[in-house]
Each structure stands twice: as C-alpha cells, then as structure tokens.
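Okay, so here's the structure we're looking at.
Here, each number is a calculation from the coordinates, and none is a lab measurement. In this text the structure is predicted, and so the values were computed from the model without any measurement. Quick reminder, even Gly has a Cβ in these numbers, built from the backbone with ideal geometry, and neighbours come from all protein chains shown.
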Amino acid sequence: MIQRKQTLFLIVAFICYALCLFFPIATIASKTMGGDSLLYNLGFVSGDQGIVFAATCLPLFILLAVSAVLTLVTIFLFKNRKQQLNLCSIITLFNVLWYVDYALMLFGIVGLPEVNGDMSIRFSACLPLISLILVLMARKGVDDDEKLVRAADRIR
C-alpha cells in the first residue's frame with residue numbers, strides 16, 4: 001500500500017541506494033603526477049587508466065546492491081509485517097557493514113593497490129546514511145502498525 005508512510009520511506013531509501021550505486025563515493029588525490037581518481041562502489045575511474053574494476057571495492061557494491069534489492073522486496077511485503085520488520089533489521093545490518101568497509105578503505109586499512117593517494121569523502125557516501133535513517137523510520141512505522149493490529153485483536 002502506497003499510502004502507508006513506511007512504504008514511502010522505503011521508496012525514498014531505495015532511490016538513495018540506487019543513486020549511491022552510480023555516483024562516486026570518494027575522490028583519491030594522487031601522490032604522483034597522475035590525475036585524481038574517483039572511487040565508485042564497483043571500482044574507480046582514473047584519468048590515465050580509465051575504468052578499473054577493483055576487487056577491494058566489490059564488498060561495497062554487493063552490500064549496497066543487496067540492501068537496495070531487499071528494500072524493494074520489503075516494499076511489496078506490506079501484508080506480512082513481521083517479515084517486513086526482519087528485513088528492515090537485515091537492511092540496517094548491511095548498511096552498517098557498508099560503512100565499516102567504507103571506513104576501512106577511507107583510513108587506508110584496506111587499500112587500493114592500483115591507486116596511491118589520499119581519499120576524501122564525496123556527498124554520495126552520505127546517501128546510505130540517509131537510507132539507513134529512512135529504513136529505521138520505516139521499521140518503526142511497521143512496528144507501530146503491528147502493535148495497532150494486536151491492540152485491535154485484543155479489543156474483539
């Protein structure tokens with residue numbers, strides 16, 4: 001049902017996930033003479049090398065893509081509120097794991113061997129955080145609906 005507020009929250013969260021998949025999440029300022037590189041969820045784009053798919057970026061892409069798909073699935077499970085609650089919790093876990101992996105890359109613990117330089121955050125790295133907040137708001141809305149249904153069943 002589109003008129004439920006949690007459905008609207010999940011739709012906006014899905015849009016944020018989709019945008020984050022296609023926009024760069026970091027800029028890598030090169031320490032050498034090469035130009036700056038843009039880091040995406042699936043790899044990076046370097047001025048002299050072109051598009052390079054990096055295996056260290058693959059977990060970022062997988063976590064974000066699975067979160068987007070689960071958000072889309074959660075929208076259509078409006079008749080099964082308990083399953084919606086569980087999926088919102090799983091989406092939250094994947095979001096937190098995405099930020100853990102992103103922080104590991106940002107602080108250089110898990111580095112890109114192909115690129116040497118300092119990473120700086122781009123705006124699109126904030127989109128999963130916005131999605132996380134929206135998913136938590138949707139989870140609260142689903143939980144409130146579940147409590148309302150249980151209260152209505154008690155009255156009968």
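Taking 7 Å along the Cα-to-C-beta vector as the label spot, tell me the Ala103-Phe76 distance in nanometres, rounded to one decimal.
Those two pseudo-labels are separated by 3.5 nm.
So if I place +1 on the C-beta of Lys and Arg and -1 on the C-beta of Asp and Glu, and nothing else carries charge, what would the dipole magnitude of the chain be about its Cα centre? I want it in debye, nearest 20.
Computed about the Cα centre, the dipole is about 1020 debye.
Under 8 Å for C-alpha pairs, at least 6 residues apart: give me the relative contact order for the chain, rounded to a whole percent.
Answer for the chain is 34 percent.
Using θ = phi - 60° and the Karplus relation 6.51 cos²θ - 1.76 cosθ + 1.60, list the HN-Hα couplings for region 92-102 in order, rounded to whole Hz, with x at every Gly or Pro.
Karplus-based 3J(HN,Hα) across region 92-102 equals 4, 4, 5, 5, 5, 5, 4, 5, 5, 5, 5 Hz.
Name the long-range amide H neighbours of Phe23: under 5 Å, sequence gap of 5 or more, or other chain; modelled H, no Pro or chain starts.
none
Can you check what the net charge comes to around Phe94, using other residues whose Cβ is under 15 Å from the Cβ of Phe94 (Lys, Arg +1; Asp, Glu -1)?
For residues surrounding Phe94, the net value is 0.
Pull up all non-local amide H partners of Gly117: gap of 5 or more, or a different chain, and H-to-H distance under 5 Å with H placed in the peptide plane.
Lys31
Which value in deg cm²/dmol, rounded to the nearest 500, describes the helix-derived mean residue ellipticity at 222 nm for the chain, given -39,500 (n - 2.57) per DSSP H run of n ≥ 4 and division by the residue count?
The helix-only estimate for the chain comes to -20500 deg cm²/dmol at 222 nm.
In sequence order, what are the phi-derived ³J(HN,Hα) couplings for region 14-30 according to the Karplus relation 6.51 cos²θ - 1.76 cosθ + 1.60 with θ = phi - 60°, rounded to whole Hz, with x for glycine and proline?
For region 14-30, the Karplus curve yields 4, 4, 5, 4, 5, 5, 5, 5, 9, 9, x, 9, 7, 10, 10, 7, 6 Hz.
Once both labels are modelled 7 Å past Cα along the beta-carbon direction, what's the Arg150-Ala29 spacing in nm?
Distance between the two pseudo-spin positions: 5.3 nm.
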